[in-house]
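What follows is one structure encoded as structure tokens, with my remarks underneath.
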Amino acid sequence: MGGSQLKQLKAALKDNGLVGQTNVKRKNKRSKAPSDTRRNDRDDILKNIRQQFNQFDNKYNRTKKDITTVKGGKFVKVGSQEHYDATKSASSMTDAMRMQYEMEKKRHGKTGSLVDRRFGEKNKHMTAEEKMLERFTREQQRASRKKVDFSLASDDEDNFGEVLTHGGKALEFGDDDQDDFVSGGSALGSTGVRYKDNDDDDVESEAPPRKKSKNEVMKEIIAKSKFYKHQRQAEFQKAQDEIQDLDEDFGDVMAEINKTSVKQANSMKAKKPEEMMYDEKVRELTYDRRAVPADRTKTDEELRKEKEEHLRKLEEDRINRMNGDIDDREAQGDDLDDFWNGSDEEGEGVSVSEDNDSDADSDESGAFEDASEGHRAISKRKNNKVTVSMPSSHEALLNSLDKLDESSQLDYVNKIIETYHPRLAEGNKAKLNNFVNILYEHLLYLSDQEEVSAKVFDGLLNILKKLLKSFNEEIVEFGRNEIDTIQNRISSLKKRDLVFFATIGSLFSTSDHYHLIVTPTVILMNEKLSKFQYGYSNIKDIAEGVFISEVLLQYQRLSKRYIPEVVNFLEKALLMLIPEPTKLNYNSLSVGEIMESSLELNSNMTLQSNILGISDIFQEASDELKGKLLLRIIGLLDTSTSLWIDKSSILDIIKTFKPIVNHLLTYFENKEISNLKEKYDRVEKNAQRDRKPLALQHHRALAIPTFAPKFEENFNPDKKSYDVNKERQELNKVKNELKKERKATMKDLRRQNKFIGGEQIKDKKKNYEEYHRKMANIVSSISTIEGAEKNSYEREKKLRKKMG
């Protein structure tokens, strides 16, 4: 039936005679119109038509899917032979699992089984033929032994070495030929069994062995216990006698030992100084580390390469920390190995000495001692017998050092470190961590004093550097507290504050991207320089700013980071010091307007020295001090140019200072200023030549790459791999087979576990049903009995009422 559903509906109604002409004569007289029969037929026809056009209300008895999968991932039609075989195998597998489950359920909770004790069953190395041969051989030997007939008159040789026994004892015969065994004789030993002849047939009548009574058994046990006890007492007495003999000879042995020790002592006293020195060296060698077979003497070339590799690794770690690449690893290198977490090895010591040439970037190997050096230090301390105490605060250390002269102060500090070596006692590491803070506070205290020995200050600073490599856990908190204190008096700094800025760069790594002490210190110094832009106009502020600028440039000697506060300060300080600054063309300067200053230098003076100390910063203003500051600033400009020469903005940096340098040359003839001008001209020339404007990248037009496809001459779609390497191909094949087998095994195990779980649930339901059925039967039986008794009681009651 084609067309739309509307056309189909009209055609259906017309065919059934519900629409169109109804008086048309039909050739087939059998099919009559509804009007010809009865009106109910019309409703039936309409109902059939509605069913034909509404298929959603119809129900069909068919499978949900006509296609399914069987083993191997093959698609088959439902009801086909393949589907039937797969279903049959699945049902057989289910039957097998059910039989196995029933068997295990029957054996559950039961013990005992048949053990095969035949020869060879436990020997896995024997074949079935060997087992059968060995069993046959032993069976024949056992049968041959049974057929041997023993004769009482025969010798032992005739009986194949066997001896006749009775009651567990061998039978003995005398030399005389006796027909009868005499009771009490030696023939049957002490068994006490009588043998006699019956009816003169010389037939022996054997009596069964008599069972021991309980009294005899207990007497035998008591006798054995007494015998063993006597043996133990004898062994103990023997051991006591031997100990007593040794005790008696102990005095003689000790006398001989004492004589030998006295002779050795006398021989030691009579030794020469060379022999005494030799013995001392031998004793020292006992504390040296024992050489292991893996440690061999390395050549100079190997040692040099190891040192170079170690330095290269330290520099690489420093660069990573400078760039901030320390996400997943500890910060190491550049004098701060294990700074963040501290050193946990209490077994290592500290070696401190007076070394004024030590540098902050030196190798960290100088921080630790060998075990032999530690033992030698301990023995030396014992020989000197000098006792020192660990100071608990700076005041205690100051009181101890005031009693000593300058030459003994460093030795005293070294004695404290040796006495409280971490290997000597528990808790010495924490004491040395606190001593580092005390020593640093003492250095800052010395910087505020009017007269202080440079030797003592440098020596204590070197000791502090080496201590920090091992004991740096408490110094962080001390340094941050000191920074907070300095920030509160940032407008009026002290000598100790400037010394703090300088020593931080000597004690810690200043090239790190972030540091717990260096970073806050840099921020604090930049704050001091930035405040100079707002109204600082005395010579002390300029001197402090010059010192801080030099410290900041020293901090960036490795990382070479640009510091705009230093550039702004140096520009304004120069404009305050140069003579007649208003003659400058300030269009190229960063300042908007040049103000006259009272600190201008006299144009007639001569610039000679640029040596400037910390004490000079706190002096009164003078032309000499101004000249030193001016030359110092010129030196800082030279240093900063060399430091930032690789940056593309070097032209903008020197553009500010070049007119100031030219202006100075008109007033002063100085070599440093002339060299700076020549350097500026040279840098400007090279920078202009190398500088290029920004532009978009231009690429050459590239064609789309094309690749020729690879064809296999003998291509097989069933072949999984075309690997050239046969071994790898075989290995992959075995791996795939193993993977398939594993998946199949896991699938079987899951199916088995699912089946067992279902069977267990069925068993539980069955047990529950049986239990409830049993309880219902019991309750119903009780109710029936009670009802019968109740009825009989009622009948008896009614009967008695009638009778009464």
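Points worth noting:
- Residue within the range 292-301 that is surrounded by 10 or more Cβ atoms within 10 Å (Cβ to Cβ) and either farther than 27 Å from GLN556 by Cβ or at pLDDT 65 or above (or both) present: yes
- Each residue in the range 477-531 was checked for being in a helix (DSSP H, G or I) and among the polar types (S, T, N, Q), and 10 pass.
- Test: residue in the range 695-713 that is within 30 Å of THR641 (Cβ to Cβ) and more than 49 Å from the chain's Cα centre (by Cα): yes
- Qualifying positions in the range 504-525 - aromatic (Phe, Trp, Tyr) and either over 16 Å from GLN554 (Cβ atoms) or modelled with pLDDT of 90 or more (or both): TYR514
- Qualifying residue in the range 422-432 (condition: closer than 28 Å to ILE614 by Cα, assigned to a helix (DSSP H, G or I) and of a type outside the set (A, V, I, L, M, F, W, C)): no
- So PHE471, is it crowded, with 20+ Cβ neighbours inside 10 Å, at pLDDT below 85 and under 21 Å from LEU507 (Cα atoms): yes
- The range 425-455 - residue that is aliphatic (A, V, I, L, M) and touching an Asp or Glu at 6+ places or on another chain (Cβ under 9 Å) and, of those, surrounded by the most Cβ atoms within 10 Å (Cβ to Cβ): VAL436
- Residue in the range 492-512 that is under 19 Å from TRP644 (Cα atoms) and not acidic (Asp, Glu) present: yes
- Among the residues making up the range 709-727, none is surrounded by 10 or more Cβ atoms within 10 Å (Cβ to Cβ) and at pLDDT 90 or above.
- Condition met for ASN481 (out of contact with any Lys or Arg (no Cβ under 8 Å at 6 or more places or on another chain) and surrounded by fewer than 20 Cβ atoms within 10 Å (Cβ to Cβ)): yes
- In the range 670-689, the condition of being in contact with an Asp or Glu (Cβ under 8 Å, 6 or more places away or on another chain), of a type in the set (Gly, Ala, Ser) and either touching a residue at least 24 places away in the same chain (Cβ under 8 Å) or in the same structural domain as TYR555 (by TED's automatic domain parsing) (or both) is met by no residue.
- If the condition is being over 10 Å from ALA573 (Cβ atoms) and out of contact with any Gly (no Cβ under 7 Å at 6 or more places or on another chain), then the range 540-560 contributes LYS540, GLU544, PHE547, ILE548, GLU550, LEU552, LEU553, GLN556, ARG557, LEU558, SER559, LYS560.
- Any hit, the range 19-42, residues being assigned to a loop (DSSP other than H, G, I, E, B), small (Gly, Ala, Ser) and modelled with pLDDT of 75 or more: no
The values are calculated or read from the model by the stated rules, or taken from the named source; none is laboratory data. What you see is a predicted model; the values in this text were computed from it and never measured. Cβ coordinates were reconstructed from backbone atoms using ideal geometry, including for glycine residues, and neighbour counts include every protein chain displayed.
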